[in-house]
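See structure below.
The values are calculated or read from the model by the stated rules, or taken from the named source; none is laboratory data. Worth saying up front: this structure is predicted, and the values here are computed from it rather than measured. Please note: Cβ atoms are built from the backbone with ideal geometry, for glycine as well, and neighbour counts cover all protein chains shown.
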Amino acid sequence: MTTKFTSALAALALIAGLGLSPARAVDNMTSTDAPDLTSVRAKIKAKDYAGALAQLRELADDVQHADVYNLMGFTLRKTGDFKTSLTYYNKAIEMQPDHKAAREYLGELYVETGNMEKAREQLAVLAKLCPGGCEEREDLQKAINAKSASN
């Protein structure tokens, strides 16, 4: 076996042995060091934004993580708190500049608030992060196109 393969197997065994599993964001971004956000994601999927927000606020008190901040921004945006949402998206991007979900959702916030120039800036960043295309880039492009078609 190769050293990389052996190392990968050892890491997976360690994760399995600890009972840990990789976290999955709303956008399916994998992050192995995030807290367990399964319950939060279920609440968001069910559109229980108040429940998700309460749980995320508790987490944010103890955990500084880009996925937590991204989901906090997403939930706040869905409840109409655009100003605070912007703060959390920026925190997520500050911690992890290549966080595709935060870039997409920040772009969608800009679309929703009519700042199309800023939305296109996030689309340009996503084009650099995933030049072959990715779900986040496609979703933001659709939101921009929909807004442009309605104007």
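Here are the numbers:
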{"read-out": "Residue match in segment 89-112 (condition: part of a helix (DSSP H, G or I), out of contact with any helix residue (DSSP H, G or I) (no Cβ under 9 Å at 6 or more places or on another chain), at pLDDT 95 or above and farther than 26 Å from residue 146 by Cβ)", "value": "no"}
{"read-out": "Where a residue in segment 80-103 is farther than 21 Å from residue 135 by Cα and β-branched (Val, Ile, Thr) and its partner, wherever it lies, is modelled with pLDDT of 95 or more and crowded, with 21+ Cβ neighbours inside 10 Å, with Cβ under 6 Å and at least six apart", "value": "84/76"}
{"read-out": "Residues (within 10 Å of residue 71 (Cβ to Cβ) and either modelled with pLDDT of 95 or more or touching a strand residue (DSSP E or B) at 6+ places or on another chain (Cβ under 8 Å) (or both)) located in segment 24-42", "value": "25, 34, 37, 40, 41"}
{"read-out": "Selection within segment 94-112 - surrounded by 15 or more Cβ atoms within 10 Å (Cβ to Cβ), closer than 19 Å to residue 141 by Cβ and under 11 Å from the mean Cα position of the chain (by Cα)", "value": "99, 100, 101, 102, 103, 104, 105, 106"}
{"read-out": "Selection from segment 58-80 of residues that are outside any helix (DSSP H, G or I) and surrounded by fewer than 16 Cβ atoms within 10 Å (Cβ to Cβ)", "value": "63, 64, 79, 80"}
